[in-house]
Each structure stands twice: as structure tokens, then as C-alpha cells.
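The values are calculated or read from the model by the stated rules, or taken from the named source; none is laboratory data. Predicted model only: the values in this text are computed from it and were never measured. Counting neighbours? That spans all protein chains shown, and the Cβs are built from the backbone with ideal geometry, glycine included.
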Amino acid sequence: MKGINLIPPLRDNRAFILSLALAVFASGLALGMAVGRIHARYGATTILMEIALLLVFAAAVLFVDRCYFLRYSPLLNERKMLRALIDNVPDFMCVKDTGRRFVLANAQLARAAGVNTPDELLGKTQSGLFPGKLAEALQEDEQKIFRSGQPSHNREEKCVDSAGNEIHLLTTRVPLRDSSGQITGIASVGRDISERKKVEGALWEAERRFHGIFDNAIIGIFQSTPAGRLIRVNPAMAVTFGYASAGEMMRLLTDFARQCFVDSKRGEEYLHLMETPGEAQNFECEVFRKDGSKIWLTLSVRAIRQNGVAIRHEGMCEDVTERKMLRSQLLQAQKLESVGQLAAGIAHEINTPTQYIGDNVRFLKDAFQDMTRLLESYQRLLTAAKGNALCSETIQSVGEAVEGVDTDFLLEEIPKAFEHALDGVQRVSTIANAMKEFSHPDRKEKVPQDINRAIRTTIAVTRNEWKYVAEMVTEFDSTLPLVLCLPGEFNQVILNLIVNAAHAIADVVQRGGTEKGTIRVLTIHCAEWAEIRIQDTGTGIPEAVRTRVFDPFFTTKEVGKGTGQGLAIARSIIVEKHGGSISFETEEGKGTTFIIRLPLDDKSPDVRRVNA
């Protein structure tokens, strides 16, 4: 069986005509030989007629053959091209007759079936080429098409190639009909989609893993439109906000920033960050839950852009309410620890003026007794004079009393004693007020603060830490306006930095470097910042640890002298709570300068102060 011819068998027609011409020519020759015998009897005219007749017939045959060639030559070329196309397409192609035998197959199918040429498949059925179950499945599908007359489009099937490997095919089968509409066979086209299935499987697995991470994450993950409408929310975020499901949260929240943020200004700040630069990292904010309660979150969100236009926001959030409370407690504990460390020094600072006051009061007590005896003598003298009973004995006793009291000394020293006692009281009062101001309860809201006064107070509280190792030099900018800040936490930062400076200088002093170092505290009124510089002449920070200075629990101090929390807390207070910055300049062996910058609000009171 040669298979189905897609165009008429042109070569067979030409061969038939040529064969016919040769037969006629042979007959003509035979006839010519017969005529040759007759020629002897009848003459040459008849021979010439026969030859002419043969020539005319041969020309007719050649003319007909040429006409066939000119007419069907393009079709012959098309047939060759069509066959080449069928054999070189990557898909499997075949045609079967009503007996489900191959009558046409391409080279791709032949290779898959493990034969050398498509002709080897002709006349065979799939039962001899494929495993039994597969052959039965193919036969059943083809039988349905024969019964229904309906094609089967893009059906996925599993198959086995010649090497025994399972492959996936995407197959389309259509019935072939003759001119009367009767089904004469089935044409099939199949495409190997094994690689696509592998890719789809990998994508499905990746998506499954993504969904697993998304749905089972312990922190909130979400996607939203730039306008704030939630597109996708994971269960953890719904639980964080107190919703029964992610669907409920997406349905009820139509503007995330404006509906959830407790502080509308903070919400506007978040939206501004999402516009420029297009991300918000560790953005801390207080939000409403479904029931109206409040929690603290940290948001890390980025804008996804397409052609420079934000098409959505995606990020994650974490409930840090408990962490914030613990941090506040840690801050308070650290402050109490600092106060505890300073307690002995503060007690000493108070004890010195107290002793000073006591010494002067005791002097005044003794002086008062002397003055009392002198006044009693004067009283007796006055009484005797009024009663005209003045006698030499009275005068003598008064004279003895005056001589027994150094009145000139008392009149000179008593005013000084009062003045010294009052100075001591003032010193105690200053220390007490400094402690009171330093240790007052923390505020939740920022208030205008005279940072020059706050720093001066902290210097007084820490005096016992630095007075033995350093001289304190202050340069306060009197033009500095009030600064919005959290007073207690700001005081804690200054205390940590002054104590660190004193410890750094103490290390130098203990090594015999100098008798005393210097701590210099400056405030500077910049255009948009209030700048505080705390300089020391200590050891400086080694280059190897400079990047870790603000890390929690990192310290270069000896065990028991530092917890590693001071600078970490200072950075958290200045950067996260005040929107400022803290940095340092250092040189080993020469000292370190910590630089704090706090933003000046345009509405900050422009109050000028004179340094005390």
C-alpha cells in the first residue's frame, strides 16, 4: 500500500502516454515492414503515406504529453513541498482509514514509533506499535469519532516513545469525508508537550510552595492597589487585625492607610514614602483593629512599578505591640540601672554640701549660745540701769561676759556661715531637682523641650562619673529654639553618652596618659536641625568594631561595666522615635565625638535663652 496521494498521479499519466506512443511506433514499424513487401508490387507512394501517418501520430502523442506536463508541473512541485513540510514539522501527523490502519504518516511519527521511514507504518495499526492499554485507549477514542462524526480537539494523552519513555501529547483528531459525506478515515495531529508539562509542573510546585509560605507565614503579608484597596491578604494579617478571614478584611478595608492608621499624619507620611522613594522599611505605626483596639505594627512595603507607574504595593507587617512594651520596659530598666550606677556618686554629691551645711549650722549653734550669754548680760545691765541699781559688780560681770565672747569674730563669721549654709542648700536643691527632672515619668507625646537645660541637668546628675577623670566644658547655643522631643528618653541618651565618654577617658587616665581629660558638650542651631556634639579625649573606637557600635548587646567594655544596650537604645530613641540621626567621628588614641541631630519643627517655639 502506497498511501493516500494528495494530488493526481501525474507521472503515471505521462508514462502511460509514452508507453502508448511506443506501442504505436512499434506497430508502425511492423506495418512499415509489411508495406515494404507490398512496395515491390505497388510502389513507394503507399510507404510514404504510412510513414507520414506514423510521424503525425507520434507528434500528437508528444503534444498531449507536453500539455500534461505543463498543466500539472506546479502541482507536482507543491506535492513535493507539502511532503517535505509534513516530514519536517515537529508534530506527529498521520491519516488512518476506517480500519484504523495508517495510510499516511510523517517522519516525526515514524521516529517516535521506532521505525526508519514513514512507509513502514503504512497498513499497520497502533496495536502493533504501542502498549496494549495505550492502543486500546487510542482505538476507543477513534471509534468515538467514527460513531459521532465529531472531531476531538486538544486532548492531552500519555504515550510511550520508542525508548520506553513516557511522553505527553496534545492531540487533535478530525474525521475525513468523501464527496458524499461518508467518513473515510481520520486525520490526527499530535504535539509532544512533555517539556511544557515539566515546566507547568515546576510552576505548579513553585506556586504551591508560594501559597504555602503565603498562607502559613506567621507575619502578615499583603498586596494592595496604590489607592489602598487590599488585593490579597494572608490569614496571619487577618488575625493580626482581628478579622475572621482574609476575605472579610479585604471586603471591609477599602483604604488601608486612611482607615487603619491611628495617627493620620503618620498615615500621610507612609503614603508619601510609597510615592517617593517607593518603599517603607521598618515603618512603625499604631493601627486600629476591627474591634477598635489599637496595636503597634512595623511595615516593610515596596511599590511595584510598570513602565515607571506604580501598579500595586506589596509588603508585610508584624505586630510589635509586645516588643514595644518590652522595649519601653527595657529602656526604663536601663534608666534605672543608670540611676543605680550613679546612686553612690549622687549620694556623695549630696553628702558633701550636706556636711558643709552641717558644719556651718553647728558653728551658728555655738555662736548663738555665745550671743545668748552676751545678751543675757546686756539684759541684766539694762534692768539695773532702768532701776537705778547699777553697781560695779554688775558692770564687772557684763564686762567679763563681753570679754568671754569674741564679738568681732562672730559678727564677721556668722553672715558667712549663713551664706555658706544657703549655698549648700542650693547645691542639694540643684542635685535633687536634677534627679527629679531626669527621672520624671516618660511622656507618650513629644513636648517642646529646652535641650540646653536638659543637658545641663544630665551633666549635674552624672558629675560624680566624670569629675575625677575629666573637666567638663559646655558651649550652649543660646539661639536654639525649643525642640519637640520625649524629655525622659532624650535625657537617657545624653546620660549614656556622657558616661561612655567618662569611661573612655578613665581608661586613658588609668594607663597614665594624662592627669585629666576633657568632655566637651556643644549645642548648635543649624538650619533644620538641633545638633548636639559630645566630645571626649578618650581612647577612640577601634576600626574593627566601628560598624557594630550601635548593635544591641555589643560592648568593648570589660565584663560587668557595660551591657551593650546604651548606644543601641540611644540610636532607637534618636532615629526611630525622634526622626533624627546619631553618628560619630573617632580617631584611635585621640577620642570620639558623638553627633546627634534632632529635626526642628517649623512650628517649634522660637524661644531664646541665656546660658546660666
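Things to note:
- Hey, residue 290 modelled with pLDDT of 90 or more, in contact with a Gly (Cβ under 6 Å, 6 or more places away or on another chain) and surrounded by fewer than 17 Cβ atoms within 10 Å (Cβ to Cβ) or not: yes
- Residues in the range 531-550 that are in contact with a Lys or Arg (Cβ under 7 Å, 6 or more places away or on another chain) and of a type in the set (A, V, I, L, M, F, W, C): 550 only.
- A count restricted to the range 194-244 and to residues that are over 15 Å from residue 290 (Cα atoms), among the hydrophobic types (A, V, I, L, M, F, W, C), part of a loop (DSSP other than H, G, I, E, B) and over 18 Å from the mean Cα position of the chain (by Cα) stands at 1.
- Residue ID - nearest to residue 172 (Cα to Cα), chosen from residues in the range 88-131 that are in contact (Cβ under 8 Å) with a residue 24 or more places away in the chain and among the basic types (Lys, Arg): 96
- Within the range 499-526, the set of residues being of a type in the set (A, V, I, L, M, F, W, C) and closer than 30 Å to residue 479 by Cα comprises 499, 501, 502, 519, 521, 522, 524, 526.
The rows are residues; the columns are (1) of a type in the set (Phe, Trp, Tyr); (2) assigned to a strand (DSSP E or B); (3) outside the structural domain of residue 448 (by TED's automatic domain parsing); (4) modelled with pLDDT of 85 or more.
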residue	(1), (2), (3), (4)
552	no, no, no, no
564	no, no, no, no
595	no, yes, no, yes
610	no, no, yes, no
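- Qualifying residue in the range 404-419 (condition: within 30 Å of residue 350 (Cα to Cα) and among the aromatic types (Phe, Trp, Tyr)): yes
- Where strands (runs of 3 or more DSSP E) sit wholly within the range 466-538, none has at least 3 residues that are on the phi > 0 side of the Ramachandran plot and buried (at least 17 other Cβ atoms within 10 Å of the Cβ).
- Of the residues examined, residue 213 is not one that is of a type in the set (A, V, I, L, M) and in contact (Cβ under 8 Å) with a residue 60 or more places away in the chain.
- Residue pairs whose Cβ atoms lie under 7 Å apart, sitting 6 or more positions apart in sequence or on different chains, and linking a residue in the range 364-384 that is surrounded by 13 or more Cβ atoms within 10 Å (Cβ to Cβ) to a partner that is of a type outside the set (Lys, Arg) and at pLDDT 80 or above, are 364/414; 364/417; 367/414.
- Yes/no for residue 180 being in contact with a helix residue (DSSP H, G or I) (Cβ under 6 Å, 6 or more places away or on another chain), outside the structural domain of residue 310 (by TED's automatic domain parsing) and surrounded by fewer than 17 Cβ atoms within 10 Å (Cβ to Cβ): no
- Number of residues in the range 177-226 that are closer than 30 Å to residue 246 by Cβ and among the β-branched types (Val, Ile, Thr): the value is 6.
- Residues located in the range 214-240, provided they are farther than 17 Å from residue 252 by Cβ and either surrounded by 11 or more Cβ atoms within 10 Å (Cβ to Cβ) or touching a Ser or Thr at 6+ places or on another chain (Cβ under 9 Å) (or both): 214, 215, 217, 219, 221, 226, 236
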